[in-house]
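**Student:** First the structure, which I've put down as structure tokens, then a few questions once you've had a look.
Just so it is clear, none of the values below were taken in a lab; they were calculated from the coordinates. A quick note: this is a predicted structure, and the numbers were derived from the prediction, not measured. Here Cβ is always computed from backbone atoms with ideal geometry, including for glycine, and neighbour counts include all displayed protein chains.
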Amino acid sequence: MRRKVIAGNWKMNLTPAEAKVLVGDLAGKIAGNPACDVVVCVPFVDIATVVEATAGTCIKVGAQNMHQAEKGAFTGEISAPMLVACGVEYVVIGHSERRQYFSETDETVNAKVKSALAAGLKVILCVGETLAERETGVTEETVSRQVKLGLVGVTEAQLANVIIAYEPVWAIGTGVTASDEQAEETCAFTRGVIAEVYSAAAADAIVIQYGGSMNAANAAGLLSMGNIDGGLVGGASLKADDFATIVTAAG
Ligand code: PGA
């Protein structure tokens, strides 16, 4: 049985003071032992505050990006060892917004994945097709390419620290969610890619999340599907009530 993982992706929202309020509320609402892992992926400047505010709770902290080099002359960047030193356990890599607005490619995504894993972080590797790719019928080719190239050089042992988030780009921040069946179909396909590249056991073990307008109303349906092991939640993760409802739906 795979344990589900619900991860919030705050994107570029919330100051440290606002972040402290949100995680405080959230911790109160999901106190006890949720049946899933709960992660909040926060802006770099919120990390210290959120790590402190979540100490002793079930909420784990993630970052939303990192640089692939360990250190050096990369003005404005943050490395995996720096994140680890700040108490971060997870990092989102290859989010479609990074690919779209910051020119990230499958090659840079792969370099970041390897650097994160080498530093001991757990990776949430994002993949997903654009609307044009879905309409052209190349959803599977796109996801297969992103998974395979994103994981080049990652061993089967390291894969235990990788979560794949299937996020159709057309569903992100649009209010349009993939239907339960559409999401399930591509998550099942993604699992098949892992079986092809690694093994049936690796495919069976890997956590595959759905992301894209997941909310308090649609989470239960999506999370009831056999190949959807959690969610990467944007907008709804900024509201403690809604995020707590999604966490409960994963139980
Ligand atoms: P959304 O974002 O839930 O606001 O659609 C999801 C994501 O980008 O991870």
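**Student:** For the stretch 102-251, what proportion of DSSP beta bridges, expressed in % and rounded to the nearest 5, is antiparallel?
**Tutor:** 0
**Student:** Can you give me the distance in nm between label points at MET1 and ALA188, each placed 7 Å from the Cα along the Cα-to-Cβ direction?
**Tutor:** 2.2
**Student:** Still on this model: Which ³J(HN,Hα) values, rounded to whole Hz and listed in residue order, are derived for the stretch 207-224 from phi using the Karplus coefficients 6.51, -1.76 and 1.60 in 6.51 cos²θ - 1.76 cosθ + 1.60 with θ = phi - 60°, glycine and proline given as x?
**Tutor:** 7, 10, 8, 9, x, x, 6, 5, 8, 4, 7, 9, 4, 4, x, 4, 6, 8
**Student:** Treating the beta-carbon of each Lys and Arg as +1 and of each Asp and Glu as -1, no other charges, what is the dipole magnitude of the stretch 100-191 about its Cα centre, to the nearest 20 debye? Display every interim value, and only then the final one.
**Tutor:** On the way: 7 positive and 14 negative charges, 106 e Å.
Dipole magnitude for the stretch 100-191 comes out near 520 debye.
**Student:** Right, here's the next one. Using 0.36 nm per residue, how much length does the chain from LYS29 to VAL176 gain when fully extended, once their Cα-Cα distance is taken away?
**Tutor:** Numbers: separation 147, 0.36 × 147 = 52.92 nm, distance 2.70 nm.
Stretched out fully, the LYS29 to VAL176 stretch lengthens by 50.2 nm.
**Student:** Next question, about the same structure. Taking amide H positions as placed 1.01 Å from N in the peptide plane, with prolines and chain starts having none, which residues 5 or more places from SER79, or on another chain, fall under 5 Å of its amide H?
**Tutor:** Here the answer is HIS67, since their amide H atoms fall under 5 Å of that of SER79.
**Student:** Another one. Using just the helices of the chain, give the 222 nm mean residue ellipticity in deg cm²/dmol: DSSP H runs with n ≥ 4 each add -39,500 (n - 2.57), and the total is spread over all residues, rounded to 500. List each step's numbers first, then the result.
**Tutor:** Numbers: 11 runs with 104 residues, N = 251.
Rounded to the nearest 500, it is -12000 deg cm²/dmol.
**Student:** If the chain between ALA55 and PHE102 were fully stretched, how many nm would it gain, using 0.36 nm times the residue separation less the Cα-Cα distance?
**Tutor:** Details: separation 47, 0.36 × 47 = 16.92 nm, distance 3.24 nm.
Stretched out fully, the ALA55 to PHE102 stretch lengthens by 13.7 nm.
**Student:** Taking only C-alpha pairs under 8 Å that are 6+ residues apart, what is the relative contact order of the chain in percent?
**Tutor:** Numbers: 508 pairs, mean separation 55.5, N = 251.
So the answer I get is 22 percent.
**Student:** Now, a different point. Counting alpha carbon pairs within less than 8 Å and at least 6 residues apart, what relative contact order, in whole percent, applies to the stretch 201-251? Don't skip to the answer; put the middle values down first.
**Tutor:** Numbers: 60 pairs, mean separation 20.8, N = 51.
Result for the stretch 201-251 is 41 percent.
**Student:** Mind putting a number on the dipole of the chain about its Cα centre? Charges go on the C-beta only, +1 for Lys and Arg and -1 for Asp and Glu, and I need it in Debye to the nearest 20. If you can, show how the numbers build up before the last one.
**Tutor:** On the way: 18 positive and 28 negative charges, 121 e Å.
Roughly 580 debye for the chain.
**Student:** Continuing with the same structure: Within the P(r) computed for the stretch 160-230, what percentage of the Cα pairs occupies the region above 19 Å?
**Tutor:** On the way: 746 of 2485 pairs.
Pairs farther apart than 19 Å: 30 percent.
**Student:** Near LYS29, within a Cβ-to-Cβ distance under 12 Å, what is the net charge of the other residues, with Lys and Arg +1 and Asp and Glu -1?
**Tutor:** Details: positive: LYS239; negative: ASP25, ASP241, ASP242.
Local charge sum for LYS29: -2.
**Student:** So how long is each side of the stretch 69-225 along the principal axes, counting just the alpha-carbon atoms, biggest first, in Å?
**Tutor:** That gives 44, 34, 31 Å along the principal axes, largest extent first.
**Student:** While we're on this one: Taking each pair of distinct Cα atoms in the stretch 1-113 once, what is the resulting Kirkwood hydrodynamic radius in Å?
**Tutor:** Roughly 14.9 Å, rounded to one decimal.
**Student:** log10 I(q)/I(0), Debye, Cα-only the stretch 84-164, no solvent, q = 0.11 Å⁻¹?
**Tutor:** The Debye formula, applied to the Cα set alone, gives -0.29.
**Student:** Can you figure out the FRET efficiency of VAL21 with ASP241, using R₀ = 22 Å and their beta-carbon distance, to the nearest 0.05?
**Tutor:** Numbers: r = 13 Å, r/R0 = 0.61.
For R0 = 22 Å, the calculated efficiency reads 0.95.
**Student:** How compact and how long is the stretch 36-80, expressed as Rg and Dmax of its alpha-carbon atoms in Å?
**Tutor:** 12.4, 39
**Student:** While we're here: Placing +1 on the Cβ of each Lys and Arg and -1 on the Cβ of each Asp and Glu in the chain, which of ASN13, CYS187, GLY175 has its Cα farthest towards the positive end of the resulting dipole?
**Tutor:** In the chain, that residue is ASN13.
**Student:** Right, something else. Top mean-square fluctuation among ALA217, ALA171, ALA202, Gaussian network model of the chain, C-alpha springs under 10 Å?
**Tutor:** Residue with maximal mean-square fluctuation among ALA217, ALA171, ALA202: ALA217.
**Student:** Each residue of the stretch 71-88 in turn: what ³J(HN,Hα) in whole Hz from Karplus with 6.51, -1.76, 1.60 and θ = phi - 60°, glycine and Pro shown as x?
**Tutor:** Ordered by residue, 3J(HN,Hα) equals 5, x, 7, 10, 3, x, 9, 10, 9, 4, x, 5, 5, 4, 5, 8, x, 7 Hz.
**Student:** How do TYR198, TYR166, TYR90, TYR101 line up, fewest other C-beta atoms within 10 Å first? It would help to have the intermediate numbers written out before the result.
**Tutor:** Values: TYR198 17, TYR166 29, TYR90 24, TYR101 9.
Ranking TYR198, TYR166, TYR90, TYR101 by Cβ neighbours within 10 Å, fewest first, gives TYR101, TYR198, TYR90, TYR166.
**Student:** For the stretch 125-166, calculate the relative contact order in percent as a whole number, restricting contacts to Cα pairs under 8 Å that are 6 or more residues apart. Walk me through the numbers before you get to the answer.
**Tutor:** Values: 25 pairs, mean separation 24.9, N = 42.
Answer for the stretch 125-166 is 59 percent.
**Student:** Another question, if that's okay. For a quick check: sort TRP170, TRP10 by the number of other beta carbons within 10 angstrom, fewest at the front. If you can, show how the numbers build up before the last one.
**Tutor:** Numbers: TRP170 19, TRP10 22.
Ascending number of Cβ neighbours within 10 Å: TRP170, TRP10.
**Student:** Also, I was wondering about something else. Non-local amide H neighbours of VAL233 (under 5 Å, H modeled in plane, Pro and chain starts lacking H): which ones?
**Tutor:** ALA7, GLY8, ASN9
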